[in-house]
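A quick write-up on the structure given underneath.
Nothing in this text is a laboratory measurement; each read-out follows from the coordinates by a stated rule. Everything quoted here is computed from the prediction, not taken from an experiment. Cβ sites come from the backbone with ideal geometry, for glycine too, and all protein chains shown count toward neighbours.
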Amino acid sequence: MAEQNIYILGIESSCDDTAAAVIHNGKMLSNVIANQKIHEAYGGVVPELASRAHQQNIVPVVDQALNRAKISKNDLNAIAFTRGPGLMGSLLVGTSFAKSLAYGLDIPLIEVNHMQAHILAHYIEEENYSKPPFPFLAMTISGGHTQIVEVDHYFEMTVIGETIDDAVGEAFDKSGKILGLGYPAGPEIDKLAKLGNPKAFKFTKPKVDGLNFSFSGLKTAILYFVQKETKINPDFIKENINDICASIQYTIIRILIDKLKLASKQTGIKHIAIGGGVSANSGIRQALKDGEQKFGWTTYVPKFEFTTDNAAMIAIVGYLKFLEGDFSAQDTTASARLKI
Ligand code: KG4
Ligand code: ZN
C-alpha cells in the first residue's frame with residue numbers, strides 16, 4: 001500500500017453545484033466548486049437551469065481541479081462520478097462527461113452514490129482528524145437529504161431512518177422564506193438565532209414513529225403562527241426575528257438529537273458522524289458536543305468544505321473503490337433515485 005501512487009478525479013453534479021476534485025492516495029490535492037447563483041432569484045433550485053449551468057461549468061471546473069492539483073489528465077488512474085441520487089438533468093451532465101473522459105484516457109470509470117459519499121467524506125486523509133471507527137452512525141443533513149445510516153464498513157451501510165417529506169435544510173429554507181429571509185436561509189437563521197431566546201416560542205415536534213423524520217408540519221405550523229401574530233401586530237416578524245429564528249432552530253435541533261439518541265440506544269453505537277450542509281449549523285454542533293458529555297458519544301464533524309456538496313467526497317469513494325477494483329462499465333447510466 002505504501003508504494004501506491006493513485007490519482008483519482010472526482011466529479012459531482014447531482015444538484016446545483018458543479019464540482020471536481022483530485023485525491024492522491026486518499027489526500028485531497030484540489031477541490032473546486034462552481035456555485036450556481038442563478039437559483040437565488042427563484043428561492044430554490046430550478047432543475048432545467050441547473051443542468052444548463054453544469055454544461056457551461058464542467059470543462060473549466062475539471063480543468064481547474066487538475067491545474068490546482070498540479071497534474072495533467074494523463075496522470076489520472078480513474079474517474080469517479082456521482083451516478084445518483086439527484087436531479088436527472090444535472091446527473092446526466094457529470095455522468096456523460098466522466099464516461100467520455102474515462103473512455104478517452106482509457107482508464108477505469110467508477111460510479112459513486114452521492115449519499116455514501118457524504119458519509120465517506122470522513123475518510124479523506126486530514127491532519128488532526130480522527131476517522132470514525134466501524135460501526136458508526138452517520139446523520140446526513142442537507143437541503144436535499146435527512147438520513148441516519150448505520151455504517152458497518154465502507155460499503156456496508158443501512159439506512160435506519162429518513163425523512164418522509166421535507167429535508168431538514170428545506171425546513172430551514174422554507175421557514176426563512178416565510179420570514180422574508182434570503183435563500184438559502186439556513187446560515188441566516190443560524191446567525192440570528194444566536195441573538196435570540198430559543199424558548200420564546202414553542203413549536204410542537206412532529207410525531208413520527210421510529211427513526212424517521214418529518215419536517216413539513218413544522219413549516220406549516222410556523223406559517224400559521226406568523227400569519228396569526230402579524231394580524232395582531234404587522235411588525236411582529238421584524239420585532240421578534242431573533243427569537244423566532246432561535247425557536248425554530250431549537251425545535252429542529254431537538255428533532256434531530258432525539259432521533260440520534262433513539263438510534264444510538266437501539267443500535268448500541270456511540271460513534272456519531274454528521275455530514276451535509278446543515279452540519280455547519282452552530283446549534284447542531286453544540287448539541288453534538290453536549291451529547292459527548294451527556295450520552296458518552298464520540299462525534300465526528302468533517303471540515304466545512306467536505307460537508308456541503310463537493311467532489312472531494314466523490315473522489316475519496318473513487319479511491320476506496322479503486323483499491324477494491326470496483327469499476328463501472330461504459331453503459332452505466334445516471335440514476336435519480338439511487339439508494340444506499
Ligand atoms: O449540502 P448542501 O450544501 O447542499 C445540498 O442540499 O445538498 O446543503 C445546503 C443546505 C441549505 O438548505 C442551507 O440552508 C443549509 O444547508 N445550511 C444551513 C447552514 N448552512 C447551510 N442550515 C442551518 N444552519 C447553517 N449554518
Ligand atoms: Zn448532498
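Among the trypsin sites (Lys or Arg not before Pro) in segment 22-102, those placed in a DSSP loop whose Cβ has at most 10 other Cβ atoms within 10 Å are LYS70.
Local charge for GLU111 was computed over the other residues whose Cβ lies under 14 Å away, with Lys and Arg +1 and Asp and Glu -1, and equals 0.
Note on the chain: helix-only mean residue ellipticity at 222 nm, from DSSP H runs of 4+ residues weighted -39500 (n - 2.57) and normalised by residue number, equals -14000 deg cm²/dmol.
Computing FRET efficiency as 1/(1 + (r/R0)^6) for GLU292 and LYS261, where r is the C-beta to C-beta distance and R0 is 22 Å, gives about 0.95.
A crude spin-label estimate for the pair LYS207 and ILE164, with each label 7 Å from Cα along the Cβ direction, gives 1.2 nm.
Each part reduced to its alpha carbon centroid, segment 268-309 and segment 1-54 end up 23 Å apart.
Along segment 62-79 the Karplus relation, 6.51 cos²θ - 1.76 cosθ + 1.60 evaluated at θ = phi - 60°, assigns HN-Hα couplings of 5, 4, 5, 4, 5, 4, 5, 7, 6, 10, 10, 4, 6, 7, 5, 9, 6, 10 Hz to successive residues, with x for each Gly and Pro. Of the peptides 225-233, 251-259, the order by per-residue mean of other Cβ atoms within 10 Å, starting with the highest, comes out as 251-259, 225-233. Listed by Cβ neighbour count within 10 Å, with the fewest neighbours leading, GLU111, GLU48 appear as GLU48, GLU111.
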